[in-house]
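S.K.: Got a structure for you, written out below as structure tokens; questions coming shortly.
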């Protein structure tokens, strides 16, 4: 067996373990929490009084206007100066959640307003409250339009979690770095790490296609039909 | 009793309704006619409060709301009044993510908290009434405009509203498809459904309206039994409007 292959096989278990223990949980948790933040932010921007909407705009502006790596450093290395000391994983989780929240809030806001106004009126006309109209009429339609852009965010997130290596989270990329430090084979190891990311994001893209298909069964908006 | 009293509605600088009052007789069909911009759609939408008047009173039976400029109306009161109405829209506005029968069930299940099976039974009865039983499980996107509008009528009728509001129910449809919708509405009228409709479809108004109200620039110019308003209008503006409609019909 060639040297490169046996090195890859030998390091695979610890890389996969790092992936399963840190990369995937960090991705899933920060995506779900980030979606929650993004939804609340979007609703606030669309429906809350001006001062609240301004706070959300400020939040989105800060997060989108500064590098994710800098945000992670601020949270993990910066906050201890003001007495807030976080472990690496929670620090990364907060950083990624805020990041996902800011980007998805823009997506969610856009898809919510893309549902025709007449759908709100139709929901109100049969006696629904705002909450019922949102939950039963607007969200199901908005979700369908949101699947492709949200999947995009999700797949980017998987790869972005490699930045957590810089604040000592022992995720996939950092596990690779560790092995490189003892084996002195950066080319082989980083190719292996890249391949694992590739496999994970390919699986996710595949999943996205299936979700989209499921959501498209009813054919879309019907405004122009007659 | 369905009554709107002294309704004022502004959109910014535009004064659309200028103290309009109307009583909708129960068991009859009242047609609101008038040119585009006359305020007929706005008046209709004030009945179920999709538009909130700045001042005036909206009353359906014991649900009464008095509007005063700058005043706040409790959400509960709005819902209570709105739930006595059903509405049919110009462009149907079926829920595209629900099948035809689910569209009709939606108000019963979500608003009135009926069990699904009971709601489905009622929905299927209504779909039969509008001749859409065969398409009960179709997606709205796979229905013609006329079929969509008939499902929308069933959806509006599901919670047994006191009044069915129709906002230009046929004007997005070509004449043939409009015909099937007119037929359904005519049958409802014969069954004694109270309806208030904004329309400039003379065929629709002449076929099923018992009363006609002619609006011009936010004011009621003439109102009375349909036959009388159509055949012997009194006001000059009504005469002119009716003659343009009749000209359209004889041309078409």
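S.K.: Percent antiparallel among DSSP beta bridges with both residues in chain B, to the nearest 5?
M.R.: For chain B, the DSSP antiparallel bridge percentage is about 60.
S.K.: Any idea what log10 I(q)/I(0) is at q = 0.17 Å⁻¹ for the stretch A:79-125, Debye with uniform C-alpha scatterers and no solvent?
M.R.: Computed log10 I(q)/I(0) values: -0.65.
S.K.: Between residue B:134 and residue B:160, what FRET efficiency comes out of the Förster formula 1/(1 + (r/R0)^6) with R0 = 25 Å and r the beta carbon distance, rounded to 0.05?
M.R.: For R0 = 25 Å, the calculated efficiency reads 0.55.
S.K.: Could I ask something else about it? Across every pair of different alpha-carbon atoms, what Kirkwood hydrodynamic radius in Å does the protein assembly as shown reach?
M.R.: About 26.2 Å, per the Kirkwood formula over Cα pairs.
S.K.: For helix A:3-18, report the angle its Cα long axis makes with the longest principal axis of the Cα atoms of chain A; keep it between 0 and 90° and round to the nearest 10°.
M.R.: 50 degrees
S.K.: Taking square-rooted eigenvalues a ≥ b ≥ c of the alpha carbon gyration tensor, is chain A rounded, prolate or oblate, where a/c under 1.5 means rounded and, failing that, a/b exceeding b/c means prolate? Before the final figure, lay out each step's value.
M.R.: Values: a/c = 3.54, a/b = 1.67, b/c = 2.12.
Taking the square roots of the gyration eigenvalues as a ≥ b ≥ c, chain A is oblate.
S.K.: Indicate the gyration tensor shape class of chain B (rounded, prolate or oblate), computed on the Cα atoms with a ≥ b ≥ c the square roots of the eigenvalues: a/c under 1.5 is rounded; otherwise a/b larger than b/c is prolate and the rest oblate. Numbers along the way, then the final one.
M.R.: Details: a/c = 1.95, a/b = 1.20, b/c = 1.62.
Oblate shape, in that a/c is at least 1.5 and b/c is the bigger or equal ratio.
S.K.: Here's another thing I want to ask about it. Using Cα centres only, tell me the gap between the stretch A:35-97 and the stretch B:28-70 in whole Å.
M.R.: The stretch A:35-97 and the stretch B:28-70 have Cα centres spaced 46 Å from each other.
S.K.: Let me know the mean shielding of A:113-122 by other chains, meaning the per-residue number of their Cβ atoms within 10 Å of its Cβ.
M.R.: 4
S.K.: When only C-alpha pairs under 8 Å and at least 6 residues apart count, what is the relative contact order of the stretch B:165-252, in percent?
M.R.: Numbers: 76 pairs, mean separation 19.2, N = 88.
Across the stretch B:165-252, relative contact order equals 22 percent.
S.K.: Out of all DSSP beta bridges with both ends in the protein assembly as shown, state the antiparallel percent to the nearest 5.
M.R.: If we restrict to bridges inside the protein assembly as shown, about 60 percent are antiparallel.
S.K.: When B:72, B:162 are ordered from fewest to most other Cβ atoms inside 10 Å of their Cβ, what list results?
M.R.: Result, fewest neighbours first: B:72, B:162.
S.K.: Please order B:185, A:79, B:177 by the number of other Cβ within 10 Å, starting at the fewest.
M.R.: A:79, B:177, B:185
S.K.: Can you pull the mean other chain C-beta count within 10 Å for peptide B:90-101? Don't jump to the answer; show the numbers that get you there.
M.R.: Details: counts 1, 8, 6, 12, 4, 10, 14, 13, 4, 1, 0, 0.
Per residue, the average neighbour count from other chains is 6.
S.K.: On to the next question. What number, rounded to the nearest 500 deg cm²/dmol, is the helix-based mean residue ellipticity at 222 nm of the protein assembly as shown, given -39500 (n - 2.57) per DSSP H run of at least four residues and division by all its residues?
M.R.: The per-residue figure over the protein assembly as shown is -17500 deg cm²/dmol.
S.K.: Give the order of B:102, A:121 when sorted by the count of other beta carbons within 10 angstrom, beginning with the fewest.
M.R.: By the 10 Å Cβ count, ascending, the order reads A:121, B:102.
S.K.: To continue, here is another question. Answer rounded, prolate or oblate for the stretch B:92-160, using the Cα gyration tensor with square roots of eigenvalues a ≥ b ≥ c: rounded when a/c is under 1.5, else prolate when a/b is larger than b/c, else oblate. Working shown, then result.
M.R.: Details: a/c = 1.73, a/b = 1.51, b/c = 1.14.
In terms of gyration-tensor shape, prolate.
S.K.: Between helix A:88-114 and chain A, what is the angle of the helix's C-alpha long axis to the longest principal axis, kept within 0 to 90° and rounded to the nearest 10?
M.R.: So the inclination is approximately 30 degrees.
S.K.: Using only Cα atoms and rounding to the nearest 10 degrees, what angle (0 to 90) does helix A:186-215 make with the longest principal axis of chain A?
M.R.: That helix lies at roughly 20 degrees to the long axis.
S.K.: Peptide B:223-232: average number of partner chain Cβ atoms within 10 Å per residue?
M.R.: Numbers: counts 0, 0, 0, 0, 0, 0, 0, 0, 0, 0.
Partner Cβ neighbours, averaged per residue: 0.
Values quoted throughout were computed directly from the atomic coordinates according to the rules given, and no laboratory measurement underlies them. Because the structure is predicted, anything quoted here is derived from the model rather than measured. Cβ coordinates were reconstructed from backbone atoms using ideal geometry, including for glycine residues, and neighbour counts include every protein chain displayed.
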